[in-house]
Amino acid sequence: MVIQRWQTVFLFIAAVAMGIFFFLPVSCMMGYITSILNALVTVLLLVDIFMYRNLKLQKRVALICICFCFVSAAITAYLSSVLDIATNWEVQLVCPVVAIIFTYFAYARMKADEKLLRSYERIR
């Protein structure tokens with residue numbers, strides 16, 4: 001059995017990574033802005049899984065999620081250094097990086113699906 005929609009798996013892994021990051025102590029210490037941003041990214045990634053009927057919108061939401069993950073990681077890194085939090089925040093910043101990587105993998109698979117659909121339309 002071959003999985004046809006790998007982007008679903010990649011988006012789910014990214015959503016789990018951001019969900020874990022949402023509940024980590026560093027994310028909770030940063031305040032409402034980062035918590036809301038992390039929750040938003042997690043929900044967008046989960047909603048993006050079910051947008052498989054509209055591939056263009058799914059790709060656009062994936063790019064927005066990548067941008068929000070970058071912003072979340074940057075805000076967390078900046079505030080951690082400014083607030084001088086005593087936890088090991090470098091290790092905890094792995095979650096947004098994992099989410100960025102897997103969301104990019106999902107985006108690449110979406111592009112491959114779109115290319116495949118175009119080739120089938122050309123044959124018809």
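The values are calculated or read from the model by the stated rules, or taken from the named source; none is laboratory data. Please read all numbers here as calculations on a predicted model, not as lab measurements. Ideal geometry is used to build each Cβ from the backbone, glycine not excepted, and the neighbour counts take in all protein chains shown. Each accessible area value is taken on the protein alone, full model and side chains, heavy atoms only, with ligands, DNA and RNA left out. Shrake-Rupley method; radii C 1.70, N 1.55, O 1.52, S 1.80 Å.
Kindly state, to the nearest 0.05, the FRET efficiency for ARG5 paired with ILE36, given R0 = 25 Å and r defined as their beta-carbon distance. Given R0 = 25 Å and the Cβ-Cβ separation, E is 0.25.
One decimal place: the segment CYS67-ARG53 gains 2.8 nm when fully extended, by the rule 0.36 nm per residue minus the C-alpha distance. Stretched out straight at 0.36 nm per residue, the stretch from ARG60 to LEU117 would grow longer than its current Cα-Cα span by 18.8 nm. Karplus-derived 3J(HN,Hα) values for segment 53-70, using 6.51 cos²θ - 1.76 cosθ + 1.60 with θ = phi - 60°, are 7, 10, 5, 5, 5, 5, 5, 5, 5, 5, 5, 5, 5, 4, 4, 5, 5, 4 Hz; glycine and proline are entered as x.
With all protein chains in place and ligands, DNA and RNA left out, the 1.4 Å accessible area ranks CYS69, CYS95 as CYS95, CYS69, largest first. State, to one decimal in nm, how far the label point of VAL43 lies from the label point of ALA108, with both points 7 Å from Cα in the Cβ direction. Computed distance between label sites VAL43 and ALA108 equals 3.1 nm.
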